[in-house]
Amino acid sequence: MIGVLGIQSSYSMLKNTIPMETLVKEAKARGYDFLALSDEQLHGMLHFYRYAEKYSIKPILGIHVQVNYLMLETSFLIYVKNQEGYQNLLQISLLKSQNELTYEKLIEFQEGLIFVTYKTSVIDHYLLNKDIEQAMDIAIEFKQKFTDFYLGLSLDDFDHEIVVAPALKQLSKELSIQMLPLHQTGYLNTGDKSVYEALIKIESEDHQVKEDADFHLLDQHEINSLFSEYKEVFDHLNAFINSVQFTWENPHFDMPKYDIKGSSSKAYIKSLAIKGLKKRLENTGKDHKVYQERLLYELDVIHNMGFDHYFLIVFDFVRYAKTHDIYVGPGRGSAAGSLVSYCLGITDIDPIEYHLLFERFLNPERITMPDIDMDFPDNKRDEVIQYVQEKYGKHHMISIVTFGTFALRSSIRDIARVMKIDLQRVNAIIKRVLNEQVDTTDEETVRLLKVAKKIEGLPRHTGTHAAGMILASQDLLKHIPLQQSSQGFFQSQFEASDLESLGLLKIDFLGIRNLQIIDDVCKLIQKEIPNFNIKEVPLDDKKTYELLSQASTEGIFQLESSGMRNVLRKLKPRDFEDIVAILALFRPGPMENIDEYIERRNGKNYTYIHPKLKDILEPTYGIIIYQEQIMRIAHEFAGYTLAEADLLRRGISKKDKKILERESQRFIEKCSAQNYPKETAETIYDLIVKFADYGFNRSHSVAYSMVAYQMAYLKANHYKKFMTILLSNVIGNDQTIYDYILDLRKNGINVESPNIKISTDRFEIYKDQIYLPLTQIKSIGKTLVQKILDVRKENQFDDFQSFKNHMKSTINERNMEMLIHSGALDVFDMNHRTMIENKKTEHAGYEMYISDFKLKTYDEYTFKELAIFEKESIGFNLVYHPLRLYESYIKEHHLDTIEIAKQKDYSKFLGFIINKKVIKTKQGKQMAFLTIDDGQTQIEVTLFTKSYEKYISILDDKIKLFEVKENNFNGKITYIVEKMYTINEVVS
């Protein structure tokens, strides 16, 4: 048997450069009869077995571990011998991830495992130090403690070859412990050593490779040559290989059974669904028969596909959420097309009312796991997960690992850091790489890129899937490798696609900030209107559509981007279907149909390819927007069942030529059976093919449009409450907070400075005023705010001295300065300068013992100083805006505000640049887009090349006078900078 032990793959992150498939393929090509993998963990295990089967090589699964032994760290390679050994390896792997793996635990979980000392073992350590007696004592103990124990023989460097190996051979002979050949394998070929050296230094500068070390993947001749003086290791190796009986077989997984208390799952879900349907249809005037037929059909499909318990499990945790004050989103993805989901309360979208198709969600002719993704407020998501995990067990519900890989930029940056290349130079190199302008004569750059490209795509670190959780009836620790996650859950070592390939059920629990906003706003409203229910608001609210038409959608889910707001201004939505359509169209590809959609909606003539398509395409003005429309065309026009229509849609979207030809022939045949001419069938099939890539999941679009509409409704009808909650959700993002404050000012609402007697860790409405939170103040974190609130709860802050006295053991001098400059202490009726000069807290309280105590007062800071201090303390100017210094100049010279400037062809105004985006024209010259602020409003302006070159030296954030003219570009109003002056130029 040819091969060595000690081989790892790139799944040993930052320790190996060889991708798994390359490793297995090359091992076979280089004459290996087996491949014994011993990565740091078991992340690559599934791929290892699959590639081993593909390339016909015997796989032996192992892991490399280090444990403390006699005050030293010792290493073992541990290999699976049989099924029991696999179970124990899973235990060892988990313990390693928890940093709880000990020498004693290895002994406890040794059954079915083979232990081999690695070159960094304590035995090698003592042999290197020529302490053979101590090495022998340890070897004797290991032999006694481990049933299957071998000595690993490494010849990777001079010390091991000359000092350790002969002594190890003597030890092996005297103690009758067999030796096995080791070779650390970190890279594929000898020329890759420099790449490996750079890779291991990313983790730590201290990682070094001995000059004489060679860790490339040996071929059979090199193996025979390397161990030519120790040929006995090959006989030992044969015995080792023959003892390994373990073969990986995909385990069978089931979803957990929902406890139905004696009833059958079919009867139980049916009773729940019928009860839910009655409640949904109560006082609606909808056709009960249509709903009943659809419900019974769906229930039959769900039962026949074996998914009763799946729906009941989801129903159960959604019910838990709704009965524990946890807001649940209306739906996500194709699950919104299920009437059963609607009746069980899993979704809140009526699939019949919105023409959604169950087969898009669950196709009886395509047996795959259903996919119900659930949205919860991001601050309550973990509570729902905790409930499910407690119900089914911590080994039955786990989170999913993800792998962060080296991308082009990150690999360049990491390697450049190792090579100690200056950051500015690195940025320039990346820019040249992206522009394909690399200087091939620059040796340092060439060397950097050679190494960076070699590691590009390799796993760099692990993370956690943002939403996915795995749920299984089986104890997962007995079947797949788990690790400890930072969230406290057990986590798979396989990524989502691998888990799904094993038949495991994934449920996405998504934490959505916007749902938290909706919930919090509703709770504020319910203080005044107790019966308010966002799910019952009318979908034809006039104020909501006015807000959407004006594109005042800052903070609105899915509608906040500048591109979407431009579309809303053109579209001017009139009904809910407009929102559904625009969310589906606002994506690369379908975007090209947006203007046509708007024109047709506004009266432009259009025709249908065939009259029978009218009912399907009329709501979208003859344009195919949704995948469900493609399915309906195939169903209603060509006679497909809806299940067949879904398969057609999926097949066409793959753009495989054979599939397209096969489906074309089938479509034409089915149309012929419906007595349609071949030419018509071909035309409609071509239309389907054209839009198959563009078609969007209507169920998803309807569900997310509902969330967008609800937020828009709240903003339009409960503006102050909505903005208060919205602001609380962006604390820490000074620019976004400032943008929202400007929006409030445009609507006549001021945001007040923080107030030490009122403010908390959120924006608060108090006596109809919105107050900045204490957490907005620099140096005042959440923990400190909570301490302030705790003290405030027990004590009155009557004046400045009282505040200092109560807080002297809680806040430091920096905290006090920021509180003063932010305006939080203005409630004490003292100017900022006086408070700053009396800020020290160590003598606070002494005034109680002095009858004529009086603080020394000082003249206030200048307005300019107050403005600087305020911006330093809260991140922007709220009260002391710099432009207020020039109010007299603005009046004297009749300058406009930006708000007025937007209504004029030509205007002059003061402002300062808060954002600058420089681009290159087609001629390769630079121009810029600027965002200018005047303290009340903002405006985006264009600085063309000639002006950009003229004013480039003054494009800073200082106040300037701008002369701007209006411009109409492709029907859109834009603004162009004609002239710019510094404030010093104009004032002087």
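The values are calculated or read from the model by the stated rules, or taken from the named source; none is laboratory data. Computed from a predicted structure; not experimentally measured. Positions of Cβ are generated from backbone atoms using ideal geometry, with glycine treated the same way; all protein chains shown enter the neighbour counts. In case anyone asks, the SASA skips ligands and DNA or RNA and just uses the protein heavy atoms, side chains included. Shrake-Rupley method; radii C 1.70, N 1.55, O 1.52, S 1.80 Å.
If we keep just the residues of segment 137-164 that are touching a strand residue (DSSP E or B) at 6+ places or on another chain (Cβ under 6 Å) and of a type outside the set (A, V, I, L, M, F, W, C), which is most open to solvent (accessible area, probe 1.4 Å)? Break it down into steps so the answer makes sense when it comes.
The initial filter retains those residues of segment 137-164 that are touching a strand residue (DSSP E or B) at 6+ places or on another chain (Cβ under 6 Å), namely 142-143, 146, 148-154, 156, 160.
Retained after the next criterion (residues that are of a type outside the set (A, V, I, L, M, F, W, C)): 143, 148, 150, 152, 154, 156, 160.
Details: LYS143: 94, ASP148: 37, TYR150: 24, GLY152: 0, SER154: 4, ASP156: 10, HIS160: 12 Å².
The qualifying residue most open to solvent (accessible area, probe 1.4 Å) is LYS143.
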(request) Would you mind telling me which numbered condition in (1) within 30 Å of LYS721 (Cβ to Cβ); (2) among the small types (Gly, Ala, Ser); (3) open to solvent by less than 40 Å² (accessible area, probe 1.4 Å) SER779 fails? (result) (3)
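List the helices (runs of 4 or more DSSP H) that sit entirely inside segment 351-446 and contain at least 2 residues that are in contact with a Pro (Cβ under 9 Å, 6 or more places away or on another chain) and not small (Gly, Ala, Ser).
Numbers: elements: 358-361, 381-392, 408-418, 423-434.
Helices (runs of 4 or more DSSP H) meeting the threshold: 358-361, 381-392.
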(request) Check every one of the helices (runs of 4 or more DSSP H) wholly within segment 608-684 and list those with 2 or more residues that are within 27 Å of ALA581 (Cβ to Cβ) and open to solvent by 70 Å² or more (accessible area, probe 1.4 Å). (result) 614-617
(request) Identify, by number, the condition in (1) within 30 Å of VAL580 (Cα to Cα); (2) open to solvent by less than 10 Å² (accessible area, probe 1.4 Å) that VAL401 doesn't meet. (result) (1)
(message) Can you tell me which of (1) touching a Lys or Arg at 6+ places or on another chain (Cβ under 8 Å); (2) closer than 22 Å to GLN735 by Cβ is the one VAL977 doesn't meet?
(response) (1)
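In this structure, does HIS221 turn out to be in a loop (DSSP other than H, G, I, E, B), surrounded by fewer than 12 Cβ atoms within 10 Å (Cβ to Cβ) and at negative phi?
On the way: in a loop (DSSP other than H, G, I, E, B): no; surrounded by fewer than 12 Cβ atoms within 10 Å (Cβ to Cβ): yes; at negative phi: yes.
It is false that HIS221 is in a loop (DSSP other than H, G, I, E, B), surrounded by fewer than 12 Cβ atoms within 10 Å (Cβ to Cβ) and at negative phi.
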(request) Could you list, in sequence order, all residues of segment 165-192 that are open to solvent by less than 10 Å² (accessible area, probe 1.4 Å) and either over 49 Å from the mean Cα position of the chain (by Cα) or among the hydroxyl-bearing types (Ser, Thr, Tyr) (or both)? (result) ALA165, LEU168, LEU171, ILE177, THR185, TYR187
(message) Is it the case, given these coordinates, that SER334 is open to solvent by 10 Å² or more (accessible area, probe 1.4 Å) and either part of a helix (DSSP H, G or I) or at pLDDT below 95 (or both)?
(response) yes
(request) Go through (1) under 24 Å from the mean Cα position of the chain (by Cα); (2) among the hydrophobic types (A, V, I, L, M, F, W, C); (3) under 16 Å from GLU546 (Cα atoms) one by one and return the number of the condition LEU714 breaks. (result) (1)
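Criterion first (open to solvent by less than 20 Å² (accessible area, probe 1.4 Å) and without any contact (Cβ under 8 Å) to a residue 60 or more places away in the chain) does PHE215 satisfy it? Explain how you work it out, then say what you get.
On the way: open to solvent by less than 20 Å² (accessible area, probe 1.4 Å): yes; without any contact (Cβ under 8 Å) to a residue 60 or more places away in the chain: yes.
Spelling it out, PHE215 is indeed open to solvent by less than 20 Å² (accessible area, probe 1.4 Å) and without any contact (Cβ under 8 Å) to a residue 60 or more places away in the chain.
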(request) Kindly provide the set of residues from segment 709-759 that are β-branched (Val, Ile, Thr) and farther than 27 Å from PHE576 by Cβ, ordered by number. (result) VAL730, ILE731, THR736, ILE737, ILE741, ILE749, VAL751, ILE756, ILE758
(message) So VAL827 passes all but one of these: (1) more than 26 Å from PHE863 (Cβ to Cβ); (2) part of a helix (DSSP H, G or I). Which condition number does it fail?
(response) (1)
(request) Among the residues of segment 806-846, write down those that are surrounded by fewer than 17 Cβ atoms within 10 Å (Cβ to Cβ), in contact (Cβ under 8 Å) with a residue 24 or more places away in the chain and of a type in the set (Gly, Ala, Ser). (result) GLY845
(request) Look at segment 280-328 and say how many of its residues are touching a residue at least 60 places away in the same chain (Cβ under 8 Å), exposed (fewer than 15 other Cβ atoms within 10 Å of the Cβ) and of a type in the set (Val, Ile, Thr). (result) 1
(message) Looking at segment 503-518, can you tell me whether even one residue there is modelled with pLDDT under 95 and under 25 Å from ASN82 (Cα atoms)?
(response) yes
(message) Here are the criteria: (1) touching a residue at least 40 places away in the same chain (Cβ under 8 Å); (2) surrounded by fewer than 17 Cβ atoms within 10 Å (Cβ to Cβ). Tell me which single one MET469 does not satisfy.
(response) (2)
(request) For segment 8-15, state whether one or more residues are touching a helix residue (DSSP H, G or I) at 6+ places or on another chain (Cβ under 7 Å), basic (Lys, Arg), under 26 Å from ILE400 (Cα atoms) and not assigned by the TED database to the domain that holds LEU502. (result) yes
(message) Here is a list: LEU237, LEU277. Which entry is of a type outside the set (Val, Ile, Thr), outside the structural domain of PRO166 (by the TED database) and open to solvent by less than 90 Å² (accessible area, probe 1.4 Å)?
(response) LEU277
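Residues are listed down the side, and each one gets a yes or a no for (1) farther than 23 Å from LEU727 by Cβ; (2) outside the structural domain of MET469 (by the TED database); (3) not aliphatic (A, V, I, L, M):
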{"position": "LEU504", "(1), (2), (3)": "yes, no, no"}
{"position": "LEU510", "(1), (2), (3)": "yes, no, no"}
{"position": "THR544", "(1), (2), (3)": "no, yes, yes"}
{"position": "SER552", "(1), (2), (3)": "no, yes, yes"}
{"position": "ASN566", "(1), (2), (3)": "yes, yes, yes"}
{"position": "LYS570", "(1), (2), (3)": "yes, yes, yes"}
(request) Search segment 969-984 for residues that are closer than 16 Å to TYR906 by Cα and pair each with any residue that is open to solvent by 70 Å² or more (accessible area, probe 1.4 Å) and modelled with pLDDT of 90 or more when their beta-carbon atoms are under 6 Å apart and the residues are at least 6 apart or on different chains. (result) ILE976/LYS965; GLU978/LYS965
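Listed here are the residues, each with its yes/no results for (1) under 21 Å from HIS881 (Cα atoms); (2) within 40 Å of the chain's Cα centre (by Cα); (3) in a strand (DSSP E or B).
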residue: GLU899; (1), (2), (3): yes, yes, no
residue: GLN903; (1), (2), (3): no, no, no
residue: LEU910; (1), (2), (3): yes, no, yes
residue: ASN915; (1), (2), (3): yes, yes, yes
residue: ILE919; (1), (2), (3): no, yes, yes
residue: ILE932; (1), (2), (3): yes, yes, yes
residue: TYR951; (1), (2), (3): no, no, no
residue: ASN968; (1), (2), (3): no, yes, yes
residue: GLU985; (1), (2), (3): yes, no, no
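A quick yes/no check of all residues on (1) out of contact with any Gly (no Cβ under 6 Å at 6 or more places or on another chain); (2) of a type outside the set (Gly, Ala, Ser):
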residue	(1), (2)
TYR103	yes, yes
TYR118	no, yes
VAL122	yes, yes
LYS130	yes, yes
SER154	yes, no
GLU161	yes, yes
TYR196	no, yes
LYS201	yes, yes
LEU218	yes, yes
(request) Under 8 Å between Cβ atoms, at least 6 apart or on separate chains: pull out the pairs that start in segment 352-374 with a residue that is within 14 Å of GLY306 (Cβ to Cβ) and end on any residue that is open to solvent by less than 10 Å² (accessible area, probe 1.4 Å) and modelled with pLDDT under 85. (result) LEU362/PRO370
(request) Give segment 443-457 a look and list any residue that's without any contact (Cβ under 8 Å) to a residue 40 or more places away in the chain and open to solvent by less than 50 Å² (accessible area, probe 1.4 Å), or say none. (result) THR445, LEU448, LEU449
